[in-house]
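The values are calculated or read from the model by the stated rules, or taken from the named source; none is laboratory data. Model, not experiment: these values are computed from the prediction. Note: ideal-geometry Cβ built from the backbone for every residue, glycine included; neighbour counts use all protein chains shown. Ligands, DNA and RNA are stripped out before the accessible areas are found, and what is left, the full protein with its side chains, is counted by its heavy atoms. Shrake-Rupley method; radii C 1.70, N 1.55, O 1.52, S 1.80 Å.
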Amino acid sequence: MRLRPFALAEPESVPEAIEVLARLDGESRVIAGGTALVPAMRLGLLRVDRLVSLHRIEGLGAIRVDRGALEIGATATIMALAGHGGVKSGWPLLAQAAGSVATPAIRGSATLGGNLCHAEAASDAAPSLLCLEAQARVAGSAGERVVPIAEFFTGFYETVVGPGEILTGVRVPPMPANARSGYVKFCPRSAEDKPLVGVAALVTRDDGQRVSEVRIALSAAAPTPIRARRAEAALSGEALTEAAIRAAADAAAEEADPLSDLMGSADYRREMIRVWVRRLLLSLRG
(Lines give C-alpha, C1' and ligand atoms only; values in the text may rest on other atoms or scores of the structure.)
Protein backbone atom coordinates (compact mmCIF):
# COMPACT_ATOMS: atom_id res chain seq x y z
CA MET A 1 0.00 0.00 0.00
CA ARG A 2 1.04 3.58 -0.59
CA LEU A 3 1.59 5.91 2.32
CA ARG A 4 -1.21 8.39 2.82
CA PRO A 5 -0.08 12.05 2.97
CA PHE A 6 1.38 13.33 6.25
CA ALA A 7 3.21 16.40 7.53
CA LEU A 8 6.86 16.14 8.62
CA ALA A 9 8.63 18.16 11.34
CA GLU A 10 12.42 17.99 11.77
CA PRO A 11 13.38 19.65 15.08
CA GLU A 12 17.05 20.18 15.86
CA SER A 13 16.93 19.73 19.65
CA VAL A 14 14.98 17.72 22.21
CA PRO A 15 13.24 20.83 23.67
CA GLU A 16 12.21 21.85 20.17
CA ALA A 17 10.87 18.36 19.47
CA ILE A 18 8.82 18.44 22.69
CA GLU A 19 7.50 21.87 21.78
CA VAL A 20 6.52 20.67 18.31
CA LEU A 21 4.68 17.68 19.76
CA ALA A 22 2.83 19.92 22.21
CA ARG A 23 1.36 22.17 19.53
CA LEU A 24 0.48 19.57 16.90
CA ASP A 25 -3.12 18.56 16.31
CA GLY A 26 -4.25 15.16 15.07
CA GLU A 27 -2.36 11.89 15.32
CA SER A 28 1.36 12.56 15.68
CA ARG A 29 4.22 10.07 15.99
CA VAL A 30 7.92 10.37 16.69
CA ILE A 31 10.09 8.65 14.08
CA ALA A 32 13.74 7.62 14.27
CA GLY A 33 14.69 4.64 12.08
CA GLY A 34 11.13 3.96 10.98
CA THR A 35 11.64 0.21 10.49
CA ALA A 36 8.50 -0.61 12.51
CA LEU A 37 6.49 2.60 12.10
CA VAL A 38 6.60 2.98 8.32
CA PRO A 39 5.45 -0.60 7.54
CA ALA A 40 2.56 -0.14 9.99
CA MET A 41 1.60 3.05 8.18
CA ARG A 42 1.83 1.37 4.78
CA LEU A 43 -0.45 -1.44 5.93
CA GLY A 44 -2.98 1.04 7.26
CA LEU A 45 -2.53 -0.14 10.84
CA LEU A 46 -1.70 3.43 11.84
CA ARG A 47 -3.19 6.62 10.44
CA VAL A 48 -0.62 9.32 11.18
CA ASP A 49 -1.18 12.99 10.37
CA ARG A 50 2.30 14.20 11.36
CA LEU A 51 5.70 12.68 11.95
CA VAL A 52 8.31 14.31 14.18
CA SER A 53 11.73 13.11 13.04
CA LEU A 54 14.63 12.95 15.50
CA HIS A 55 17.38 12.51 12.93
CA ARG A 56 18.60 16.14 13.09
CA ILE A 57 19.06 16.23 16.86
CA GLU A 58 22.80 16.30 17.42
CA GLY A 59 24.20 13.82 19.93
CA LEU A 60 21.05 11.75 20.23
CA GLY A 61 22.74 8.84 18.46
CA ALA A 62 25.85 8.80 20.65
CA ILE A 63 27.13 5.69 22.44
CA ARG A 64 29.64 6.37 25.20
CA VAL A 65 30.95 5.04 28.49
CA ASP A 66 30.58 7.56 31.31
CA ARG A 67 32.02 6.80 34.77
CA GLY A 68 31.67 3.07 34.22
CA ALA A 69 28.10 3.21 32.89
CA LEU A 70 27.00 2.91 29.27
CA GLU A 71 25.02 5.83 27.86
CA ILE A 72 23.10 5.12 24.65
CA GLY A 73 21.25 7.83 22.75
CA ALA A 74 17.78 6.95 21.53
CA THR A 75 18.69 7.22 17.84
CA ALA A 76 21.79 5.02 18.09
CA THR A 77 21.31 2.26 15.54
CA ILE A 78 21.17 -1.39 16.49
CA MET A 79 24.14 -2.03 14.18
CA ALA A 80 26.23 0.65 15.91
CA LEU A 81 25.37 -0.89 19.26
CA ALA A 82 26.32 -4.40 18.15
CA GLY A 83 29.65 -3.27 16.72
CA HIS A 84 30.73 -0.74 19.36
CA GLY A 85 34.01 -1.79 21.01
CA GLY A 86 33.03 -0.48 24.44
CA VAL A 87 29.72 -2.32 24.36
CA LYS A 88 31.31 -5.59 23.25
CA SER A 89 33.95 -5.46 25.98
CA GLY A 90 31.88 -4.10 28.87
CA TRP A 91 28.35 -5.25 28.03
CA PRO A 92 28.73 -8.30 25.77
CA LEU A 93 25.18 -9.44 26.50
CA LEU A 94 23.77 -6.29 24.89
CA ALA A 95 26.12 -6.50 21.92
CA GLN A 96 25.16 -10.13 21.35
CA ALA A 97 21.43 -9.37 21.52
CA ALA A 98 21.75 -6.36 19.22
CA GLY A 99 23.65 -8.47 16.70
CA SER A 100 20.73 -10.92 16.67
CA VAL A 101 18.17 -8.39 15.47
CA ALA A 102 16.70 -9.09 12.02
CA THR A 103 19.02 -8.43 9.05
CA PRO A 104 22.07 -6.17 8.57
CA ALA A 105 19.94 -3.79 6.49
CA ILE A 106 17.39 -3.42 9.27
CA ARG A 107 20.06 -3.18 12.00
CA GLY A 108 21.63 -0.32 10.05
CA SER A 109 18.40 1.70 10.17
CA ALA A 110 16.60 0.55 13.30
CA THR A 111 17.32 2.50 16.48
CA LEU A 112 17.38 1.35 20.08
CA GLY A 113 14.85 4.01 21.06
CA GLY A 114 12.47 3.02 18.31
CA ASN A 115 12.87 -0.64 19.19
CA LEU A 116 11.95 0.00 22.82
CA CYS A 117 9.09 2.40 22.10
CA HIS A 118 7.58 -0.03 19.60
CA ALA A 119 7.27 -2.33 22.63
CA GLU A 120 7.29 -5.55 20.64
CA ALA A 121 6.85 -8.48 23.03
CA ALA A 122 9.23 -10.50 20.84
CA SER A 123 12.08 -8.01 21.15
CA ASP A 124 15.74 -9.08 21.00
CA ALA A 125 17.13 -6.02 22.77
CA ALA A 126 14.69 -5.78 25.67
CA PRO A 127 15.60 -9.01 27.53
CA SER A 128 19.28 -8.06 27.63
CA LEU A 129 18.44 -4.61 28.98
CA LEU A 130 16.18 -6.19 31.60
CA CYS A 131 19.05 -8.44 32.71
CA LEU A 132 21.40 -5.44 32.77
CA GLU A 133 18.88 -3.42 34.83
CA ALA A 134 19.04 -0.47 32.46
CA GLN A 135 17.21 2.81 32.91
CA ALA A 136 15.31 4.77 30.27
CA ARG A 137 15.44 8.57 30.06
CA VAL A 138 12.12 10.12 29.07
CA ALA A 139 11.80 13.85 28.37
CA GLY A 140 8.65 15.93 28.24
CA SER A 141 7.34 19.41 28.95
CA ALA A 142 7.62 18.74 32.70
CA GLY A 143 11.31 17.82 32.40
CA GLU A 144 13.19 14.53 32.30
CA ARG A 145 12.37 11.42 34.26
CA VAL A 146 14.31 8.19 34.65
CA VAL A 147 12.39 4.93 34.42
CA PRO A 148 13.79 1.47 35.26
CA ILE A 149 13.51 -0.66 32.15
CA ALA A 150 11.52 -3.21 34.18
CA GLU A 151 8.77 -0.56 34.47
CA PHE A 152 9.07 0.79 30.92
CA PHE A 153 6.76 -1.71 29.19
CA THR A 154 3.19 -1.36 30.44
CA GLY A 155 1.20 -3.59 28.08
CA PHE A 156 0.88 -5.03 24.60
CA TYR A 157 2.72 -2.49 22.39
CA GLU A 158 2.48 0.06 25.23
CA THR A 159 5.12 1.92 27.27
CA VAL A 160 5.32 4.63 29.92
CA VAL A 161 6.17 7.21 27.24
CA GLY A 162 3.13 9.46 27.21
CA PRO A 163 1.75 11.98 24.71
CA GLY A 164 4.24 14.79 24.14
CA GLU A 165 7.13 12.77 25.59
CA ILE A 166 10.26 11.39 23.91
CA LEU A 167 12.60 8.58 24.91
CA THR A 168 16.00 10.29 24.73
CA GLY A 169 18.33 7.53 25.84
CA VAL A 170 19.18 4.51 27.95
CA ARG A 171 21.70 4.19 30.76
CA VAL A 172 23.19 0.76 31.48
CA PRO A 173 25.09 0.26 34.76
CA PRO A 174 28.28 -1.82 34.84
CA MET A 175 27.85 -5.57 34.66
CA PRO A 176 28.56 -7.41 37.94
CA ALA A 177 32.15 -8.55 38.29
CA ASN A 178 32.86 -12.03 36.92
CA ALA A 179 29.37 -12.35 35.47
CA ARG A 180 28.71 -14.75 32.63
CA SER A 181 25.90 -13.85 30.27
CA GLY A 182 24.24 -14.86 27.03
CA TYR A 183 21.27 -14.42 24.74
CA VAL A 184 19.55 -17.09 22.65
CA LYS A 185 16.58 -16.86 20.34
CA PHE A 186 14.51 -19.57 18.72
CA CYS A 187 13.20 -18.75 15.24
CA PRO A 188 11.43 -21.72 13.63
CA ARG A 189 11.12 -20.02 10.24
CA SER A 190 14.29 -17.96 9.73
CA ALA A 191 17.23 -16.83 11.85
CA GLU A 192 16.44 -13.28 10.73
CA ASP A 193 12.86 -13.41 12.01
CA LYS A 194 11.67 -12.11 15.36
CA PRO A 195 12.02 -14.78 18.02
CA LEU A 196 9.29 -17.22 18.86
CA VAL A 197 11.12 -17.24 22.20
CA GLY A 198 14.09 -15.14 23.31
CA VAL A 199 16.06 -15.72 26.53
CA ALA A 200 18.74 -13.57 28.15
CA ALA A 201 20.56 -14.54 31.32
CA LEU A 202 23.31 -13.18 33.58
CA VAL A 203 24.86 -15.34 36.29
CA THR A 204 27.55 -14.76 38.91
CA ARG A 205 28.87 -17.41 41.29
CA ASP A 206 30.65 -17.24 44.63
CA ASP A 207 33.89 -19.00 45.56
CA GLY A 208 31.90 -22.15 46.31
CA GLN A 209 30.48 -22.08 42.77
CA ARG A 210 26.98 -21.37 44.01
CA VAL A 211 24.86 -18.77 42.23
CA SER A 212 25.22 -15.46 44.06
CA GLU A 213 23.22 -13.45 41.54
CA VAL A 214 21.06 -14.48 38.62
CA ARG A 215 18.93 -12.50 36.19
CA ILE A 216 16.78 -14.14 33.54
CA ALA A 217 14.60 -12.28 31.05
CA LEU A 218 12.26 -13.49 28.34
CA SER A 219 10.78 -12.15 25.15
CA ALA A 220 7.64 -13.45 23.41
CA ALA A 221 6.73 -15.04 26.74
CA ALA A 222 4.06 -12.52 27.76
CA PRO A 223 2.39 -9.38 26.38
CA THR A 224 5.63 -7.56 27.27
CA PRO A 225 9.28 -8.61 27.72
CA ILE A 226 9.62 -9.83 31.33
CA ARG A 227 12.06 -10.83 34.05
CA ALA A 228 11.56 -14.47 35.05
CA ARG A 229 11.58 -13.82 38.80
CA ARG A 230 10.46 -17.28 39.88
CA ALA A 231 13.15 -18.88 37.76
CA GLU A 232 15.73 -16.57 39.33
CA ALA A 233 14.51 -17.51 42.82
CA ALA A 234 14.74 -21.20 41.98
CA LEU A 235 18.41 -20.87 41.01
CA SER A 236 19.64 -18.33 43.57
CA GLY A 237 22.05 -19.87 46.08
CA GLU A 238 22.20 -23.15 44.18
CA ALA A 239 25.05 -24.80 42.34
CA LEU A 240 24.52 -24.92 38.58
CA THR A 241 23.61 -28.58 38.59
CA GLU A 242 21.41 -30.22 36.00
CA ALA A 243 18.62 -30.50 38.58
CA ALA A 244 18.80 -26.82 39.62
CA ILE A 245 18.86 -25.66 36.02
CA ARG A 246 15.90 -27.86 35.14
CA ALA A 247 13.96 -26.45 38.12
CA ALA A 248 14.69 -22.89 36.97
CA ALA A 249 13.61 -23.72 33.41
CA ASP A 250 10.37 -25.26 34.69
CA ALA A 251 9.71 -22.17 36.82
CA ALA A 252 10.27 -19.87 33.82
CA ALA A 253 7.80 -21.86 31.73
CA GLU A 254 5.22 -21.84 34.50
CA GLU A 255 5.36 -18.09 35.14
CA ALA A 256 5.25 -17.17 31.44
CA ASP A 257 2.00 -15.92 29.93
CA PRO A 258 2.61 -16.32 26.20
CA LEU A 259 0.20 -15.50 23.40
CA SER A 260 -0.78 -17.74 20.51
CA ASP A 261 -0.15 -16.51 16.98
CA LEU A 262 0.82 -17.80 13.55
CA MET A 263 4.33 -18.63 14.77
CA GLY A 264 3.14 -20.94 17.52
CA SER A 265 0.57 -21.67 20.19
CA ALA A 266 0.89 -20.51 23.79
CA ASP A 267 1.52 -24.10 24.93
CA TYR A 268 4.28 -24.55 22.34
CA ARG A 269 5.91 -21.28 23.38
CA ARG A 270 5.80 -22.33 27.02
CA GLU A 271 7.56 -25.57 26.18
CA MET A 272 10.19 -23.72 24.13
CA ILE A 273 10.78 -21.37 27.06
CA ARG A 274 11.56 -24.42 29.17
CA VAL A 275 13.93 -25.80 26.52
CA TRP A 276 15.83 -22.58 25.78
CA VAL A 277 16.19 -21.39 29.38
CA ARG A 278 17.72 -24.76 30.20
CA ARG A 279 20.05 -24.66 27.18
CA LEU A 280 21.26 -21.15 27.94
CA LEU A 281 21.91 -21.84 31.61
CA LEU A 282 23.79 -25.03 30.76
CA SER A 283 26.00 -23.02 28.38
CA LEU A 284 26.82 -20.56 31.20
CA ARG A 285 28.09 -23.28 33.55
CA GLY A 286 31.45 -23.62 31.84
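Mind checking which residues of region 94-139 are charged (D, E, K, R) and either open to solvent by 30 Å² or more (accessible area, probe 1.4 Å) or modelled with pLDDT under 95 (or both)?
Hits for region 94-139 are ARG107, GLU120, GLU133, ARG137.
Provide a single number: the residues in region 57-78 that are open to solvent by 40 Å² or more (accessible area, probe 1.4 Å) and either among the β-branched types (Val, Ile, Thr) or within 24 Å of LEU280 (Cα to Cα) (or both).
Final tally of qualifying residues: 1.
Show the residue pairs that are 6+ apart or on different chains and have beta-carbon atoms under 9 Å apart, the first residue being within region 212-229 and under 15 Å from ILE149 (Cβ atoms), the second being among the aromatic types (Phe, Trp, Tyr) and in a strand (DSSP E or B).
Hits for this filter: THR224/PHE153; PRO225/PHE153; ILE226/PHE153.
Restricting to region 84-105, what's the tally of residues that are hydrophobic (A, V, I, L, M, F, W, C) and not in a helix (DSSP H, G or I)?
3
Checking the structure you have, find out if any residue of region 75-93 is modelled with pLDDT under 95 and basic (Lys, Arg).
No, the conditions are met nowhere in region 75-93.
Taking only region 132-160 into account, find how many residues are in a loop (DSSP other than H, G, I, E, B) and either more than 20 Å from LEU70 (Cβ to Cβ) or touching a Gly at 6+ places or on another chain (Cβ under 9 Å) (or both).
5
Looking at region 216-232 only, could you name the residues that are under 10 Å from GLU255 (Cα atoms) and part of a loop (DSSP other than H, G, I, E, B)?
ALA221, ALA222, ALA228
Just name the residue that is nearest to THR111 (Cα to Cα) out of those in region 10-39 that are among the small types (Gly, Ala, Ser) and surrounded by fewer than 16 Cβ atoms within 10 Å (Cβ to Cβ).
SER13
If I filter region 21-36 for residues that are among the hydrophobic types (A, V, I, L, M, F, W, C), within 27 Å of VAL203 (Cβ to Cβ) and under 24 Å from the mean Cα position of the chain (by Cα), do I get at least one hit?
no
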